[in-house]
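For reference, the structure is listed below as structure tokens.
No lab work stands behind these numbers, since they all come straight from the coordinates. If you're wondering where the values come from, they're calculated on a predicted model, not measured in any experiment. Glycine also receives a Cβ, built like all others from the backbone with ideal geometry; neighbour counts cover every protein chain displayed.
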Amino acid sequence: MPELPEVQTVVSTLGPLLRGRRIDAVRLMRQDIVSPKGANLPELLTGRKILQITRRAKRIVVSLDTGENFYIHLGMSGRLSVVPRDLPIQPHTHLLLDFAQSQLRFVDPRRFGGIFWLGRDESPDDGLGPEPLQLRTPQLAKRLARTTRAIKNALLDQTLIAGLGNIYVDEALFAAGIHPLTPANRLSSPQITRLNRSIKQVLRRAIHHRGSTLRDYRDPNDEAGRFQNLHRVYHREGKPCPKCKTKIAKIVLGARSTHFCPRCQRIK
DNA sequence: AACAGCACCTGTAGGC
DNA sequence: TGCCTACAGGTGCTGT
């Protein structure tokens, strides 16, 4: 469910609530959400203090006072919330961290998300391409030149560029006027320049509006995002294109729905 | 070796 | 109302 803007919103909300707090107790209801398989989270976390919470792509990285780190991935349906300890526990709650005055809960019905403990030789960057908000155009051009896949699929590949998902790829391609099926290595250099600008613009706006809530995304204070109201193509099939009024099309690409304007986004 | 396709899970919305 | 299917914001594996 969450892409970079939603994860950024979660991280900015959690930071002030948890920074400097000591973990008094840990309750892990399902071991199978933890990686590596055998990691003993209660033992690793109890008594530790949280130094800071940061984001890398869609990973929520928690740094501890021991110098150790782990990250949380929300998958499609994962949610983190900070609540009073005595609030009733809802179904699919897999992990509870107790602090003096509050409790952090990880709830994830589909269990595509999880908690990833990082060993001394591991980094939250492992397996990830560059951050889209820091990406320079020559770097993007170089990476896209290496592949013939459809640009939509290439942008979803987290090793190529890390943090975009289905919504924001469709929105960025629309903003740049690029057809999602265009082979990545066939983009012209003006197109790549526009694409890089569009990606940043879409992500910044989405972060400003605290992400998109389509079904059930919520920040740790249980608040919905607002950016879904500003989507121009995503989930708008059959509705008029905001630029030219042509009906927005929906196709399936790599098993993901893909939305675009057939008139504004042509394959060159 | 890169890449398409599917599997992994559960909840929900929409059609009949 | 109720049943059944399709689909959902992600990623990792498998087979070509």
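Residues that are among the hydrophobic types (A, V, I, L, M, F, W, C) and free of Cβ contacts under 8 Å to residues at least 60 places away in the same chain number at least 3 in the following strands (runs of 3 or more DSSP E) confined to the range A:1-78: A:50-56, A:59-64. Kindly provide the set of residues from the range A:235-268 that are among the hydroxyl-bearing types (Ser, Thr, Tyr) and within 16 Å of DNA strand B (Cβ to nearest atom), ordered by number. Correct list: A:257, A:258. Filtering the range A:38-55 to residues that are surrounded by fewer than 19 Cβ atoms within 10 Å (Cβ to Cβ) and not small (Gly, Ala, Ser) leaves A:40, A:41, A:42, A:43, A:44, A:46, A:48, A:49, A:51, A:52, A:54.
Please work out which residue is surrounded by the most Cβ atoms within 10 Å (Cβ to Cβ), limiting yourself to the range A:213-262 and to residues that are of a type outside the set (Lys, Arg) and on the phi > 0 side of the Ramachandran plot. Only one residue fits best here, namely A:235.
Checked against (1) without any contact (Cβ under 8 Å) to a residue 40 or more places away in the chain; (2) within 19 Å of residue A:155 (Cβ to Cβ); (3) away from DNA strand C (no atom under 16 Å from the Cβ), residue A:252 passes all but a single condition, namely (3). When residues in the range A:83-128 are screened for being in contact with a Pro (Cβ under 8 Å, 6 or more places away or on another chain), over 18 Å from residue A:59 (Cα atoms) and surrounded by 14 or more Cβ atoms within 10 Å (Cβ to Cβ), 4 of them pass. Within the range A:212-255, track down each residue that is within 15 Å of the chain's Cα centre (by Cα) and among the acidic types (Asp, Glu). Result: A:216, A:219.
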